[in-house]
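Novice: The structure is given below, and queries will be raised subsequently.
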Amino acid sequence: MRMGGLFLEYTLNPDNLIHLTFPLQVGVGEVQAGFSDGGGGDIFGEDNLFVIEPGAMLEVNLLPWARLQGGVTYRIISGVDNYRGVHAENLSGLTGTVGLRFGWFPRQRSGR
């Protein structure tokens with residue numbers, strides 16, 4: 001399965017040591033069995049899909065450029081209609097995530 005699309009995220013109080021983020025992924029993709037007929041053709045074909053995946057994460061600022069996060073998302077897939085016995089509901093569901101984020105995280109300025 002491969003997917004691509006738009007990824008948005010809202011972060012509450014990003015300058016606090018521990019804070020919440022709310023990611024949202026919306027996109028398209030395909031599911032495909034990786035078996036060929038030996039002549040370069042894929043004998044199983046593929047099926048296209050639409051995905052929307054909202055989530056909630058707890059994030060810890062480790063360094064100005066590094067964050068640790070963990071949380072849950074719920075993947076909702078549509079468009080897979082019995083591809084090799086796989087249905088959209090087989091690919092949808094609750095997902096746990098743990099990861100490190102590296103980057104430039106600008107500090108928020110107070111209104112004072």
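Novice: Please compute the contact order of the range 49-112 in relative form: average sequence separation of alpha-carbon pairs under 8 Å and at least six residues apart, divided by the residue count, as a percent.
Specialist: For the range 49-112, the relative contact order is 33 percent.
Novice: With r defined as the distance between the Cβ atoms of LEU100 and VAL26 and R0 fixed at 30 Å, what FRET efficiency is calculated, to the nearest 0.05?
Specialist: Given R0 = 30 Å and the Cβ-Cβ separation, E is 0.80.
Novice: On to the next question. Which option, (i) 9.0; (ii) 10.9; (iii) 16.9, is the value of mean projected area of the Cα convex hull in nm² that was calculated from these coordinates?
Specialist: Given (i) 9.0; (ii) 10.9; (iii) 16.9, the calculated one carries the label (i).
Novice: Over the chain, with a Gaussian network built from C-alpha contacts below 10 Å, which listed residue (VAL86, VAL26, VAL51) shows the highest mean-square fluctuation?
Specialist: So, out of VAL86, VAL26, VAL51, the one fluctuating most is VAL86.
Novice: At 7 Å along Cα-to-Cβ for each site, give me the label-to-label distance between GLU46 and ALA33 in nm.
Specialist: 1.6
Novice: Counting only chymotrypsin sites (Phe, Trp or Tyr not before Pro) that sit in a DSSP loop (anything but H, G, I, E, B) with at most 16 other Cβ atoms within 10 Å, what is the longest stretch of the chain containing none of them?
Specialist: 66-103
Novice: Could you work out how much longer the chain between LEU6 and ALA56 gets when fully extended? Use 0.36 nm per residue separation minus the Cα distance between them, nm to one decimal.
Specialist: Result: 16.3 nm gained on full extension.
Any read-out appearing in this document is the output of simple, stated calculations on the displayed coordinates, not a laboratory observation. Computed from a prediction, not measured in an experiment: that's the story for all the values here. Positions of Cβ are backbone-derived with ideal geometry, glycine not excepted, and every protein chain shown enters the neighbour counts.
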